[in-house]
Amino acid sequence: MDDFRNLLFKVRPKRSARSIAEAEEAYRQAIASGHADFAPAAMDDLGRLLARQERFAEVEEAYRQAIASGDADWAPFAMDALSELFADQERLAEAEEAYRQAIASGHLNWAPYAMVLLGDLVARQKRFAEAENAYRQDRTTTWSDTGSKGTK
């Protein structure tokens, strides 16, 4: 386990093209390992790394892999990240669906965050009653631990 942790933390990219390429390779190795704890985290890290390079199709794939992992923490986090990617690309229906999936996860951190972002998204579309409902629901919902670690 320490080998994967060292690998992932050692390669956090600096700014050089070489370190970015090394980080990408390390994340891909961690993903290929299938390690239950580190592969989903590496999927997210890879997505963020690729986003900085504007490789958006690959970003989407990395986040979808993290979601498919079913990891109690990383899957909801990736749902939020994917939602934001879609919103930034004006793929609003897909963003809305991904936010709703993140909310449905019930994750202690990411479900409430997704609720607020859903409100922002629908407000942007002038769907003000829905936005108000999302904001009110976030404030009145008691988010409980649904099996996630809630540590992100």
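Could you check, for segment 83-105, whether at least one of its residues is at pLDDT below 95, assigned by TED's automatic domain parsing to the domain that holds Asp138, under 14 Å from the mean Cα position of the chain (by Cα) and outside any helix (DSSP H, G or I)? Yes. The residue that is farthest from the chain's Cα centre (by Cα), counting only those in segment 21-34 that are buried (at least 16 other Cβ atoms within 10 Å of the Cβ) and closer than 14 Å to Ala66 by Cβ, is Ala30. Among the residues of segment 43-54, are any more than 29 Å from Glu22 (Cα to Cα), assigned to a loop (DSSP other than H, G, I, E, B) and touching a helix residue (DSSP H, G or I) at 6+ places or on another chain (Cβ under 8 Å)? Looking for residues that are more than 29 Å from Glu22 (Cα to Cα), assigned to a loop (DSSP other than H, G, I, E, B) and touching a helix residue (DSSP H, G or I) at 6+ places or on another chain (Cβ under 8 Å), one finds none in segment 43-54, hence no.
The single condition among (1) surrounded by fewer than 19 Cβ atoms within 10 Å (Cβ to Cβ); (2) at pLDDT below 90 that Val11 does not satisfy is (1).
The values are calculated or read from the model by the stated rules, or taken from the named source; none is laboratory data. None of these values were measured; they are calculated from a predicted model. Cβ coordinates were reconstructed from backbone atoms using ideal geometry, including for glycine residues, and neighbour counts include every protein chain displayed.
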